[in-house]
Amino acid sequence: MRTILFLTALALLIPATDHASTKTCGLTARIDGVRYDVRETKGAVPCATAKRAVTTFLRTGKAKAPWTCTRGHGYSKFAASCAQGEKVLVRVYAPN
């Protein structure tokens, strides 16, 4: 029982890294009248490169290599997600 309590307390002390490593890249150009919030959650590519990739995907529905993109669905908080393999992950959020 003490082990469970100790592990629970330890888990609460570990900071959440999901938001700590997020780089905000700003808003896309207007896509059907809407500007989307672009955030790089993993990796390091220039914001201009990430924004160009997600803007192309949101406008055409197609991602240019080396990007792979999907639209958010269900309970996803993001409108789209684009990645370059396992090294780079960019999330795109609709305005509130």
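Among 30, 39, the order by Cβ neighbours within 10 angstrom, fewest to most, reads 30, 39. Between residue 45 and residue 73, what's the calculated FRET efficiency when r is the beta-carbon distance and R0 is 30 Å? Round to 0.05. Computed FRET efficiency for residue 45 and residue 73: 0.75. Note on 76, 21, 81: ascending count of other Cβ atoms within 10 Å places them as 21, 76, 81, the fewest first. A simple spin-label model places pseudo-atoms 7 Å from Cα toward Cβ; at residue 64 and residue 22 they are separated by 2.7 nm.
Read-outs: derived from the displayed coordinates by stated rules, not from any lab. Predicted model only: the values in this text are computed from it and were never measured. Cβ atoms come from the backbone with ideal geometry, glycine included; neighbour counts cover every protein chain shown.
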